[in-house]
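What follows is one structure encoded as structure tokens, with my remarks underneath.
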Amino acid sequence: MPQHYYSNQPESEHDRRTIDEQLRGLNYRFISDAGVFSKKGVDFGSKVLIEAMDLPVGAEVLDVGCGYGPIGLTAARLVENGHVTMLDLNTRAIELAKENAQLNGITNVSIMESDLFAAVKGRSFDVILSNPPIRAGKETVHAIFEQAYDHLREGGALWIVIQKKQGAPSAKEKLEKCFGEVQEVTKEKGYRIFKAVKPWNNPQ
């Protein structure tokens, strides 16, 4: 079975390339490689999420499934004196994300290899961002939603991008079960951005 980006240690031959992108009006240069998600350029879904996400200044943010870093590194610039923790199972993606943080002069980040939320057990965040790894299957995607609830502070928000044809309706249903009310912030070319807020004083 061929490997895909949701692999811990990709075995595909390296194919490093440089990507120049403008995100939220700021210029970025990213290094990508074979064996990571969207190696040829920042994917459209991530761009829709980046443009939509609303991050409080000074927020503690978590990016789950960060890849080579476009969502988390953009978030790090937006939160100014806040901090972004970036997680991915893929070791090659993690090394690239660290390289890209340095390349773009971004220092308010922590970048760690992690199977979903394992590396941040017991920690909580103001905002969690994810372009979930659809190829890993619905069970993994739904586990991200469930664990995100446990890792958000009350009033904190989970922001998700997902394609309609890749399960947006069932994703929204699962989010509603975990969080209650879910807002569809925007939709563009089949991509949906969902925002789910953890209620205050919720007994769950």
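Laid out as a table, the results:
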{"quantity": "Subset of region 177-192 that is open to solvent by 70 Å² or more (accessible area, probe 1.4 Å) and basic (Lys, Arg) - its residue that is farthest from Lys47 (Cα to Cα)", "calculated": "Lys177"}
{"quantity": "Subset of region 132-163 [open to solvent by 20 Å² or more (accessible area, probe 1.4 Å) and assigned to a loop (DSSP other than H, G, I, E, B)]", "calculated": "Gly137"}
{"quantity": "Of all residues making up region 35-45, the number that are buried (at least 17 other Cβ atoms within 10 Å of the Cβ) and either in contact with a strand residue (DSSP E or B) (Cβ under 7 Å, 6 or more places away or on another chain) or within 11 Å of Thr74 (Cα to Cα) (or both)", "calculated": "3"}
{"quantity": "Unmet criterion (only one of (1) among the hydroxyl-bearing types (Ser, Thr, Tyr); (2) touching a residue at least 40 places away in the same chain (Cβ under 8 Å); (3) buried (at least 24 other Cβ atoms within 10 Å of the Cβ)) for Thr91", "calculated": "(3)"}
{"quantity": "Residue satisfying all of: in region 73-96; in a helix (DSSP H, G or I) and in contact with a helix residue (DSSP H, G or I) (Cβ under 7 Å, 6 or more places away or on another chain); nearest to Leu49 (Cα to Cα) among these", "calculated": "Thr74"}
{"quantity": "Residue match in region 20-34 (condition: surrounded by 15 or more Cβ atoms within 10 Å (Cβ to Cβ), assigned to a loop (DSSP other than H, G, I, E, B), out of contact with any Leu (no Cβ under 9 Å at 6 or more places or on another chain) and on the phi < 0 side of the Ramachandran plot)", "calculated": "yes"}
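Yes or no, residue by residue, for (1) without any contact (Cβ under 8 Å) to a residue 24 or more places away in the chain; (2) part of a helix (DSSP H, G or I):
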position: Ala101; (1), (2): no, yes
position: Met112; (1), (2): no, no
position: Leu129; (1), (2): no, no
position: Lys165; (1), (2): no, yes
position: Glu173; (1), (2): yes, yes
position: Cys178; (1), (2): no, yes
position: Gln183; (1), (2): yes, no
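The values are calculated or read from the model by the stated rules, or taken from the named source; none is laboratory data. All figures in this text were calculated on a predicted structure; none of them were measured in a lab. So basically every Cβ, Gly included, is an ideal-geometry build from the backbone, and we count neighbours across all protein chains shown. We work out accessible area using only protein heavy atoms, side chains counted, and drop any ligands, DNA or RNA first. Shrake-Rupley method; radii C 1.70, N 1.55, O 1.52, S 1.80 Å.
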